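The values are calculated or read from the model by the stated rules, or taken from the named source; none is laboratory data. Since the structure is predicted, the reported quantities are computational estimates derived from the model, not experimental observations. Every residue, glycine as well, gets a Cβ built from its backbone with ideal geometry; the counts of neighbours run over all protein chains shown.
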Amino acid sequence: MKKILFGATAAAVLAAGTFGAVSANASANASAPAAAPAAVMADAANGNLRQSTHLTIEAATKAAQATLDAAEKANQRVSVAVVDRNGNTLVTLRGDGAGPQSYESAVKKAFTAVSWNAPTSELVKRLTNAPTLKDIPGTLFLAGGAPVATKGAPIAGIGVAGAPSGDLDEKFAQAGVAALAN
């Protein structure tokens, strides 16, 4: 008889606990405030928005083609990459006969140039004082990258790889920058 009474008491306690938990949960949901709107309006006056300048795909293509044309005129086989301010690749062109390593190198040079808003040949010199810069993922500290800037702020990077020297790569990248000025 004690076992039956104990079992019945345990079942009653368990049922009461479950009922209480379900009731508490239901009342908590009923009294919860309405959800906040999914989108909150941003207000430029209070600094929630920042406007930035980006290179169009048409301009990036123009720069890449001018870069490749300059290299081909000098009988060089290169790859060209143009990245936006955030380092995202906009355009890549691989010239006829460009080496397989040149594609990735061009992208990394463009990323490095826009990241520091400086030609990569200048950045190579900084490695003397800060050798760990080269350890930053996605960068390549070799000549051949040129930043594209407006009002002193970087908006893109052009990277070239495949010529026999970084100086030539960078000369071709500068031709792409110059094409954007026209």
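Among the candidates ALA179, ALA163, ALA175, ALA149, the residue that is more than 18 Å from ALA59 (Cα to Cα) and either surrounded by 15 or more Cβ atoms within 10 Å (Cβ to Cβ) or polar (S, T, N, Q) (or both) is uniquely ALA163.
Every residue, every condition in (1) part of a helix (DSSP H, G or I); (2) on the phi > 0 side of the Ramachandran plot; (3) without any contact (Cβ under 8 Å) to a residue 24 or more places away in the chain, yes or no:
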residue	(1), (2), (3)
LEU93	no, no, no
SER115	yes, no, no
LEU123	yes, no, yes
LEU133	yes, no, yes
LEU142	no, no, no
ALA163	no, no, no
GLN174	yes, no, no
LEU180	yes, no, no
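Which residues, counting only those in the stretch 127-146, are buried (at least 19 other Cβ atoms within 10 Å of the Cβ) and either of a type in the set (Gly, Ala, Ser) or outside the structural domain of ASP169 (by TED's automatic domain parsing) (or both)? Passing the criteria: ALA143, GLY144, GLY145, ALA146.
Checking each residue in the stretch 92-124 for being under 24 Å from GLU58 (Cβ atoms), crowded, with 21+ Cβ neighbours inside 10 Å and among the aliphatic types (A, V, I, L, M) picks out ALA98, ALA106, VAL107, ALA110, ALA113, VAL114. Are any of the residues in the stretch 162-182 under 21 Å from GLN65 (Cβ atoms) and either under 16 Å from the mean Cα position of the chain (by Cα) or of a type in the set (Val, Ile, Thr) (or both)? Yes, there is a match, as at least one residue in the stretch 162-182 is under 21 Å from GLN65 (Cβ atoms) and either under 16 Å from the mean Cα position of the chain (by Cα) or of a type in the set (Val, Ile, Thr) (or both).
Select from the stretch 46-73 the residues that are under 30 Å from ALA98 (Cα atoms) and exposed (fewer than 12 other Cβ atoms within 10 Å of the Cβ) and list them in ascending order.
So the first thing to find is which residues in the stretch 46-73 are under 30 Å from ALA98 (Cα atoms), and the list is 54-73.
THR56, GLU58, LYS73, listed by residue number.
Against the conditions (1) at pLDDT below 95; (2) at negative phi, where does GLY152 fall short? Just the number, please. So the condition that GLY152 fails would be (2).
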